[in-house]
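Heads up, the thing below is written out as structure tokens.
The values are calculated or read from the model by the stated rules, or taken from the named source; none is laboratory data. Given the structure is predicted, the values throughout are model-derived calculations rather than measurements. Ideal geometry is used to build each Cβ from the backbone, glycine not excepted, and the neighbour counts take in all protein chains shown. Ligands, DNA and RNA are stripped out before the accessible areas are found, and what is left, the full protein with its side chains, is counted by its heavy atoms. Shrake-Rupley method; radii C 1.70, N 1.55, O 1.52, S 1.80 Å.
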Amino acid sequence: MERPGVMLADGRRVDVSGFGADYDETFFGSDGLTRLGRWFAKEGRAAPTVGEDVRLGAPLCRPSKIVCIGLNYRDHARETGQALPAEPVLFFKATTALSGPNDDVIIPKGSTKTDWEVELAVVVGRRASYVERDAVLAGGHVAGYVLHNDYSERAFQLERGGQWVKGKSCDSFAPLGPFLATPDEIPDVHNLGMWLKVNGETKQSSSTKELVFDVPALVSYISQFMTLLPGDVISTGTPAGVGLGQNPPRFLVAGDIVELGIEGLGSSRQRLRAYG
């Protein structure tokens, strides 16, 4: 059974079940991070630690939605030969795809083109509807940031009807974590190194400096079309180096090991395994 926890600066993991709340919409929408901080200052010393051998789940409960942004890195647009979008490209990823940062990734039944994508994800901190760009960070609409591997099945995405959601939403295709970092822990979210390796070989090496639309712009833009709820996830896009962009394209097979990380957000590791 998954339990809420915190990861300390020295790497220790602490079970904070005694706080009495999980990291869900109610938690983020009721200033839960501040309340958790106050509780931990008083009770944290007595809270049990968790061993390194214990599985990490995603650092939040299933959100109401995972909103993803396509073609939002300049180097990735160059790689795909496409023009930079005039407005953010939006698509959804099913929340049932959510998994822990080091869980196995299941290659879907019938898949031939499962791909990797290291991404910076944003967790919404406050209900957002028609929010102006300048009010996003000042208004507490960002609870924090988290590492995401936006796995994609390219044949499902591009060759099965021209609609991206089915290629993004397979079970296990949204490993999040290892932890959520609050905005005060990330001094400049638009200047973070990011990387991804497959079987030890570097495939993606870039920076959030390559973002076309930055975090406040994305939160504001999405909020013009839908209400963002506390705990919702916005995945901001991937840089160059995806399997589809290799020459020839390189897709994942059972037994492959994918490792990835973003500066300040830790790293994760997934083993690919076949469906069934």
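May I ask for the angle, rounded to the nearest 10°, between helix 32-43 and the longest principal axis of the chain, with both axes built from Cα atoms and the value confined to 0 to 90°?
50
With every protein chain left in place, what is the accessible area per residue of the range 26-158 in square angstrom, probe 1.4 Å?
I get 46 Å² per residue for this part.
Express the carbon and sulfur contribution to the solvent-accessible surface of the range 138-276 as a percent, rounded to the nearest whole number, probe 1.4 angstrom.
49
Enumerate the calculated ³J(HN,Hα) couplings along the range 170-182 in order (Karplus 6.51 cos²θ - 1.76 cosθ + 1.60, θ = phi - 60°), each rounded to whole Hz, writing x wherever the residue is Gly or Pro.
Each residue of the range 170-182 in turn: 4, 3, 6, 7, 9, x, 10, x, x, 7, 9, 9, 6 Hz.
If one computes the Cα centroid of the range 40-99 and of the range 122-188, what distance in Å separates the two points?
5
Loop only per DSSP, at most 16 neighbouring Cβ atoms within 10 Å: give me the GluC sites (Glu not before Pro) in the range 28-110, ordered by residue number.
Here the GluC sites (Glu not before Pro) that fit, given the DSSP loop and packing criteria, are Glu52.
Which order do the peptides 108-116, 134-142, 172-180 take when ranked by the mean count of other beta-carbon atoms within 10 Å per residue, highest first?
In decreasing order of mean packing, 108-116, 134-142, 172-180 become 172-180, 108-116, 134-142.
Ignoring ligands, DNA and RNA, please state the percent of accessible area on the range 25-102 from carbon and sulfur, probe 1.4 Å.
With neighbouring chains kept in place, the figure for the range 25-102 is 51 percent.
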